[in-house]
Amino acid sequence: MTIQWFPGHMAKARREVQEKLKLVDIIFELIDARLPLSSRNPMIDEVINQKPRLLILNKADMADETETHKWVQYFANKGHMAVAINSLDGKGLQKVTKAAQEILADKWARMKAKGMKPRAIRAMIVGIPNVGKSTLINRLAKKNIAKTGNTPGVTKSQQWIKVGKELELLDTPGILWPKFEDQEVGLKLALTGAIKDTIINMEDLAVYGLRFLSIHYPKRMEERYGITFVHENLVETFDHIGKRRNVFGPGGEIDYDQVAEIIVRDIRNQHFGKLSFDIVDEQLEKEAVAES
Ligand SMILES: Nc1nc2c(ncn2[C@@H]2O[C@H](COP(=O)(O)OP(=O)(O)OP(=O)(O)O)[C@@H](O)[C@H]2O)c(=O)[nH]1
(Lines give C-alpha, C1' and ligand atoms only; values in the text may rest on other atoms or scores of the structure.)
Protein backbone atom coordinates (compact mmCIF):
# COMPACT_ATOMS: atom_id res chain seq x y z
CA MET A 1 0.00 0.00 0.00
CA THR A 2 1.46 3.38 -0.96
CA ILE A 3 -0.29 6.20 0.77
CA GLN A 4 1.62 9.43 0.88
CA TRP A 5 1.78 11.76 3.80
CA PHE A 6 2.58 14.93 1.93
CA PRO A 7 5.03 16.95 4.02
CA GLY A 8 4.26 20.15 2.08
CA HIS A 9 0.51 19.99 2.78
CA MET A 10 1.16 19.13 6.35
CA ALA A 11 3.49 22.09 6.93
CA LYS A 12 1.02 24.52 5.34
CA ALA A 13 -1.93 23.18 7.34
CA ARG A 14 0.10 23.38 10.48
CA ARG A 15 1.07 27.01 9.82
CA GLU A 16 -2.56 27.93 9.18
CA VAL A 17 -3.71 26.39 12.43
CA GLN A 18 -0.86 27.99 14.36
CA GLU A 19 -1.65 31.44 12.93
CA LYS A 20 -5.20 31.22 14.22
CA LEU A 21 -4.25 29.84 17.61
CA LYS A 22 -3.89 33.27 19.15
CA LEU A 23 -7.46 34.15 18.16
CA VAL A 24 -9.03 31.39 20.23
CA ASP A 25 -9.31 30.32 23.85
CA ILE A 26 -9.72 26.65 23.12
CA ILE A 27 -9.24 24.07 20.37
CA PHE A 28 -12.00 21.63 19.55
CA GLU A 29 -10.08 18.61 18.30
CA LEU A 30 -12.53 16.61 16.24
CA ILE A 31 -11.80 12.90 15.97
CA ASP A 32 -13.74 9.92 14.66
CA ALA A 33 -15.38 8.03 17.53
CA ARG A 34 -14.71 4.77 15.67
CA LEU A 35 -10.97 5.41 15.63
CA PRO A 36 -10.07 7.91 18.31
CA LEU A 37 -6.32 7.33 17.94
CA SER A 38 -5.96 6.66 14.22
CA SER A 39 -8.02 9.73 13.28
CA ARG A 40 -5.78 12.07 15.25
CA ASN A 41 -2.92 14.03 13.86
CA PRO A 42 0.20 12.61 15.51
CA MET A 43 1.70 16.09 15.86
CA ILE A 44 -1.36 17.78 17.30
CA ASP A 45 0.22 18.36 20.71
CA GLU A 46 3.13 20.17 19.13
CA VAL A 47 0.89 22.14 16.78
CA ILE A 48 -1.48 23.50 19.40
CA ASN A 49 1.20 23.75 22.05
CA GLN A 50 -0.33 24.41 25.47
CA LYS A 51 -3.68 25.71 24.18
CA PRO A 52 -6.58 24.23 26.14
CA ARG A 53 -8.43 21.62 24.14
CA LEU A 54 -11.64 19.67 24.11
CA LEU A 55 -11.65 16.35 22.34
CA ILE A 56 -14.82 15.76 20.39
CA LEU A 57 -15.53 12.18 19.33
CA ASN A 58 -17.76 12.70 16.30
CA LYS A 59 -19.85 10.09 14.43
CA ALA A 60 -20.58 8.40 17.75
CA ASP A 61 -23.76 7.06 16.12
CA MET A 62 -21.59 4.69 14.08
CA ALA A 63 -19.20 3.60 16.84
CA ASP A 64 -19.44 0.79 19.37
CA GLU A 65 -20.94 2.52 22.41
CA THR A 66 -19.01 0.46 24.94
CA GLU A 67 -15.74 1.40 23.27
CA THR A 68 -16.69 5.07 23.00
CA HIS A 69 -17.38 5.12 26.70
CA LYS A 70 -13.95 3.60 27.36
CA TRP A 71 -12.28 6.13 25.08
CA VAL A 72 -13.87 9.08 26.90
CA GLN A 73 -12.55 7.58 30.13
CA TYR A 74 -9.15 6.91 28.57
CA PHE A 75 -8.74 10.54 27.53
CA ALA A 76 -9.96 11.73 30.93
CA ASN A 77 -7.25 9.59 32.52
CA LYS A 78 -4.74 11.34 30.30
CA GLY A 79 -6.05 14.69 31.52
CA HIS A 80 -8.12 15.57 28.42
CA MET A 81 -11.83 16.14 28.65
CA ALA A 82 -13.68 14.38 25.80
CA VAL A 83 -17.30 14.31 24.66
CA ALA A 84 -19.02 12.01 22.18
CA ILE A 85 -21.45 13.54 19.69
CA ASN A 86 -23.34 12.99 16.46
CA SER A 87 -23.08 16.08 14.27
CA LEU A 88 -25.70 14.84 11.85
CA ASP A 89 -28.61 14.87 14.29
CA GLY A 90 -27.00 17.03 16.97
CA LYS A 91 -27.04 14.39 19.69
CA GLY A 92 -24.64 15.29 22.50
CA LEU A 93 -23.98 18.75 21.09
CA GLN A 94 -25.12 20.50 24.27
CA LYS A 95 -22.13 18.91 26.02
CA VAL A 96 -19.67 20.89 23.88
CA THR A 97 -20.26 24.36 25.33
CA LYS A 98 -20.56 23.01 28.86
CA ALA A 99 -17.29 21.11 28.60
CA ALA A 100 -15.51 24.16 27.13
CA GLN A 101 -16.76 26.27 30.04
CA GLU A 102 -15.52 23.70 32.49
CA ILE A 103 -12.08 23.53 30.89
CA LEU A 104 -11.76 27.33 30.94
CA ALA A 105 -13.39 27.89 34.34
CA ASP A 106 -10.12 28.88 36.05
CA LYS A 107 -9.11 31.31 33.31
CA TRP A 108 -12.57 32.92 33.38
CA ALA A 109 -12.44 33.20 37.16
CA ARG A 110 -9.06 34.94 36.90
CA MET A 111 -10.45 37.35 34.29
CA LYS A 112 -13.39 38.09 36.55
CA ALA A 113 -11.10 38.68 39.51
CA LYS A 114 -9.27 41.27 37.42
CA GLY A 115 -12.58 43.02 36.82
CA MET A 116 -12.86 41.94 33.17
CA LYS A 117 -16.32 41.52 31.67
CA PRO A 118 -17.40 37.95 30.91
CA ARG A 119 -17.36 37.20 27.19
CA ALA A 120 -18.10 34.28 24.88
CA ILE A 121 -15.53 31.50 24.62
CA ARG A 122 -13.72 31.54 21.28
CA ALA A 123 -13.00 28.19 19.71
CA MET A 124 -11.58 26.67 16.55
CA ILE A 125 -12.30 23.21 15.19
CA VAL A 126 -9.38 21.16 13.91
CA GLY A 127 -9.39 17.63 12.55
CA ILE A 128 -8.43 15.31 9.72
CA PRO A 129 -10.30 15.36 6.39
CA ASN A 130 -13.81 13.88 6.39
CA VAL A 131 -14.09 13.72 10.18
CA GLY A 132 -17.15 15.98 10.10
CA LYS A 133 -15.76 19.47 10.68
CA SER A 134 -18.12 21.24 8.26
CA THR A 135 -21.11 19.22 9.45
CA LEU A 136 -20.42 20.24 13.04
CA ILE A 137 -19.91 23.90 12.14
CA ASN A 138 -23.16 23.91 10.14
CA ARG A 139 -25.02 22.21 12.95
CA LEU A 140 -23.73 24.74 15.50
CA ALA A 141 -24.41 27.61 13.11
CA LYS A 142 -28.01 26.46 12.69
CA LYS A 143 -28.44 26.61 16.41
CA ASN A 144 -27.30 30.21 16.23
CA ILE A 145 -29.73 31.12 13.45
CA ALA A 146 -32.57 29.61 15.44
CA LYS A 147 -31.57 31.69 18.44
CA THR A 148 -31.05 35.01 16.73
CA GLY A 149 -33.63 34.68 13.94
CA ASN A 150 -36.23 36.77 15.78
CA THR A 151 -33.87 39.62 16.44
CA PRO A 152 -33.77 42.02 13.51
CA GLY A 153 -30.37 43.44 12.78
CA VAL A 154 -28.45 40.56 14.32
CA THR A 155 -26.25 39.24 11.60
CA LYS A 156 -23.54 36.67 11.66
CA SER A 157 -20.06 38.14 11.48
CA GLN A 158 -17.81 36.98 8.67
CA GLN A 159 -15.28 35.16 10.68
CA TRP A 160 -17.05 34.09 13.82
CA ILE A 161 -20.15 31.99 14.23
CA LYS A 162 -22.06 32.74 17.38
CA VAL A 163 -23.35 29.66 19.16
CA GLY A 164 -25.69 31.01 21.79
CA LYS A 165 -24.24 33.66 24.08
CA GLU A 166 -21.47 31.51 25.42
CA LEU A 167 -19.56 30.35 22.39
CA GLU A 168 -18.04 31.78 19.22
CA LEU A 169 -16.56 29.53 16.59
CA LEU A 170 -14.12 30.36 13.80
CA ASP A 171 -16.03 29.66 10.61
CA THR A 172 -13.15 27.82 8.91
CA PRO A 173 -11.77 24.69 10.53
CA GLY A 174 -8.14 23.65 10.59
CA ILE A 175 -7.31 20.53 8.60
CA LEU A 176 -4.59 18.29 9.93
CA TRP A 177 -3.66 15.00 8.34
CA PRO A 178 -3.64 11.58 10.02
CA LYS A 179 -0.57 9.38 10.08
CA PHE A 180 -0.96 7.77 6.65
CA GLU A 181 2.46 6.18 6.68
CA ASP A 182 1.39 3.68 9.32
CA GLN A 183 -0.03 0.72 7.42
CA GLU A 184 -2.64 -0.20 10.03
CA VAL A 185 -3.81 3.37 10.51
CA GLY A 186 -4.23 3.62 6.74
CA LEU A 187 -6.34 0.46 6.65
CA LYS A 188 -8.55 1.64 9.51
CA LEU A 189 -9.06 5.03 7.88
CA ALA A 190 -9.94 3.31 4.63
CA LEU A 191 -12.42 0.97 6.31
CA THR A 192 -14.27 3.96 7.72
CA GLY A 193 -14.19 5.71 4.35
CA ALA A 194 -11.77 8.48 5.31
CA ILE A 195 -9.38 7.55 2.48
CA LYS A 196 -10.44 7.15 -1.13
CA ASP A 197 -10.75 3.56 -2.36
CA THR A 198 -8.58 4.25 -5.40
CA ILE A 199 -5.42 4.39 -3.31
CA ILE A 200 -5.86 1.14 -1.48
CA ASN A 201 -6.01 -2.50 -2.39
CA MET A 202 -9.54 -3.82 -1.79
CA GLU A 203 -8.37 -7.33 -1.00
CA ASP A 204 -5.90 -6.13 1.63
CA LEU A 205 -8.66 -4.05 3.12
CA ALA A 206 -11.17 -6.90 3.16
CA VAL A 207 -8.68 -9.29 4.76
CA TYR A 208 -7.74 -6.73 7.39
CA GLY A 209 -11.44 -6.09 8.08
CA LEU A 210 -12.21 -9.79 8.41
CA ARG A 211 -9.28 -10.43 10.74
CA PHE A 212 -10.29 -7.45 12.83
CA LEU A 213 -13.87 -8.72 13.08
CA SER A 214 -12.71 -12.22 13.97
CA ILE A 215 -10.72 -10.84 16.91
CA HIS A 216 -13.06 -8.14 18.21
CA TYR A 217 -16.52 -8.98 16.90
CA PRO A 218 -16.55 -12.76 16.18
CA LYS A 219 -20.26 -13.20 16.99
CA ARG A 220 -21.28 -10.58 14.49
CA MET A 221 -19.07 -12.18 11.84
CA GLU A 222 -20.65 -15.55 12.56
CA GLU A 223 -24.14 -14.12 12.22
CA ARG A 224 -23.44 -12.64 8.79
CA TYR A 225 -20.95 -15.05 7.23
CA GLY A 226 -21.31 -18.21 9.31
CA ILE A 227 -17.62 -18.20 10.29
CA THR A 228 -15.87 -17.30 13.51
CA PHE A 229 -12.28 -17.20 12.30
CA VAL A 230 -10.30 -16.33 9.20
CA HIS A 231 -8.64 -19.36 7.67
CA GLU A 232 -4.85 -19.23 7.30
CA ASN A 233 -5.45 -20.12 3.70
CA LEU A 234 -7.46 -17.03 2.79
CA VAL A 235 -8.90 -18.68 -0.31
CA GLU A 236 -10.95 -20.99 1.93
CA THR A 237 -12.51 -18.06 3.74
CA PHE A 238 -13.17 -16.10 0.55
CA ASP A 239 -14.66 -19.25 -1.05
CA HIS A 240 -16.96 -19.69 1.91
CA ILE A 241 -18.19 -16.10 1.86
CA GLY A 242 -18.43 -16.11 -1.94
CA LYS A 243 -20.66 -19.21 -1.92
CA ARG A 244 -22.79 -17.86 0.87
CA ARG A 245 -23.31 -14.60 -1.01
CA ASN A 246 -23.55 -16.17 -4.47
CA VAL A 247 -20.63 -14.30 -5.94
CA PHE A 248 -19.70 -16.31 -9.02
CA GLY A 249 -17.85 -15.23 -12.15
CA PRO A 250 -18.96 -16.18 -15.70
CA GLY A 251 -17.16 -19.56 -15.52
CA GLY A 252 -18.82 -20.46 -12.22
CA GLU A 253 -15.71 -19.66 -10.20
CA ILE A 254 -15.79 -17.44 -7.12
CA ASP A 255 -15.17 -13.79 -7.99
CA TYR A 256 -12.66 -12.81 -5.31
CA ASP A 257 -12.61 -9.11 -6.24
CA GLN A 258 -16.32 -8.95 -5.69
CA VAL A 259 -16.09 -10.89 -2.42
CA ALA A 260 -13.55 -8.34 -1.19
CA GLU A 261 -15.84 -5.50 -2.16
CA ILE A 262 -18.79 -7.11 -0.40
CA ILE A 263 -16.81 -7.51 2.80
CA VAL A 264 -15.70 -3.87 2.80
CA ARG A 265 -19.19 -2.66 1.90
CA ASP A 266 -20.74 -4.78 4.65
CA ILE A 267 -18.38 -3.24 7.19
CA ARG A 268 -18.98 0.32 5.98
CA ASN A 269 -22.73 -0.08 5.68
CA GLN A 270 -22.94 -1.29 9.25
CA HIS A 271 -24.09 -4.82 8.45
CA PHE A 272 -21.95 -5.86 11.40
CA GLY A 273 -23.54 -3.17 13.52
CA LYS A 274 -21.74 -0.26 15.10
CA LEU A 275 -18.02 -0.91 15.06
CA SER A 276 -15.01 0.71 16.66
CA PHE A 277 -11.67 0.08 14.98
CA ASP A 278 -9.42 1.46 17.69
CA ILE A 279 -9.94 -0.61 20.80
CA VAL A 280 -8.91 0.43 24.31
CA ASP A 281 -6.89 -2.46 25.66
CA GLU A 282 -5.43 -2.91 29.12
CA GLN A 283 -2.04 -1.67 28.00
CA LEU A 284 -3.47 1.64 26.79
CA GLU A 285 -5.53 2.04 29.95
CA LYS A 286 -2.45 1.53 32.11
CA GLU A 287 -0.41 4.00 30.07
CA ALA A 288 -3.09 6.66 30.38
CA VAL A 289 -3.32 6.30 34.15
CA ALA A 290 0.48 6.35 34.48
CA GLU A 291 0.74 9.51 32.35
CA SER A 292 -1.88 11.51 34.24
N1 LIG B 1 -23.14 9.19 10.73
C2 LIG B 1 -22.54 10.39 10.86
N3 LIG B 1 -22.02 10.98 9.77
C4 LIG B 1 -21.43 12.18 9.92
C5 LIG B 1 -21.34 12.82 11.18
N6 LIG B 1 -20.69 13.99 11.00
C7 LIG B 1 -20.39 14.07 9.69
N8 LIG B 1 -20.83 12.99 9.03
C9 LIG B 1 -20.66 12.68 7.59
O10 LIG B 1 -19.27 12.58 7.32
C11 LIG B 1 -18.97 13.06 6.02
C12 LIG B 1 -17.87 14.11 6.09
O13 LIG B 1 -18.36 15.26 6.79
P14 LIG B 1 -17.76 16.71 6.55
O15 LIG B 1 -18.44 17.63 7.49
O16 LIG B 1 -17.77 17.06 5.11
O17 LIG B 1 -16.24 16.49 7.00
P18 LIG B 1 -15.05 17.54 7.01
O19 LIG B 1 -14.21 17.19 8.18
O20 LIG B 1 -15.54 18.94 6.93
O21 LIG B 1 -14.30 17.12 5.67
P22 LIG B 1 -13.19 17.90 4.81
O23 LIG B 1 -13.87 19.06 4.17
O24 LIG B 1 -12.75 16.85 3.84
O25 LIG B 1 -12.07 18.30 5.71
C26 LIG B 1 -20.29 13.58 5.45
O27 LIG B 1 -20.84 12.58 4.64
C28 LIG B 1 -21.16 13.80 6.69
O29 LIG B 1 -22.53 13.67 6.43
C30 LIG B 1 -21.90 12.15 12.33
O31 LIG B 1 -21.85 12.60 13.48
N32 LIG B 1 -22.49 10.93 12.10
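See the values below:
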item	result
Reciprocal of mean inverse Cα separation for segment 41-112 (Kirkwood radius, Å)	13.5
18 Å cut-off, amide nitrogen to a point 7 angstrom out along Gln258 Cα→Cβ, residues in segment 199-218	202-203, 206
Residues with amide H under 5 Å from that of Ile125, placed H, sequence gap 5 or more	Phe28, Leu170, Gly174
Within segment 256-292, backbone nitrogen closer than 20 Å to the virtual label 7 Å beyond the Cα of Thr228 toward Cβ	272-273
Residue-level accessible surface for Arg119, protein heavy atoms, 1.4 Å, Å²	80
Solvent-accessible area per residue for segment 165-269 (1.4 angstrom probe, square angstrom)	53
Loop-resident sites, segment 195-292, for trypsin sites (Lys or Arg not before Pro), counting at most 13 other Cβ within 10 Å (DSSP)	Lys196
Geometric extent, Cα atoms of segment 7-170 - Rg, Dmax (angstrom)	16.0, 47
For the chain: relative contact order, % (alpha-carbon pairs under 8 angstrom, 6 or more apart)	24
Computed FRET value (nearest 0.05) for Lys22 with Arg244, which takes r as the C-beta separation and R₀ as 51 Å	0.30
Inter-probe distance in nm under a simple model that places probes 7 Å from Cα toward Cβ, at Glu236 and Arg211	1.7
Size-normalised alpha-carbon gyration radius of the chain, reference 2.2 N^0.38 Å	1.15
Three-way shape call for segment 201-291 based on the alpha-carbon gyration tensor, with the a/c threshold at 1.5	prolate
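The values are calculated or read from the model by the stated rules, or taken from the named source; none is laboratory data. Predicted model only: the values in this text are computed from it and were never measured. In this analysis, Cβ positions are derived from the backbone assuming ideal geometry, glycine residues included, and neighbour counts consider all displayed protein chains. Heads up: the accessible areas ignore ligands, DNA and RNA and are worked out on the full protein's heavy atoms, side chains in. Shrake-Rupley method; radii C 1.70, N 1.55, O 1.52, S 1.80 Å.
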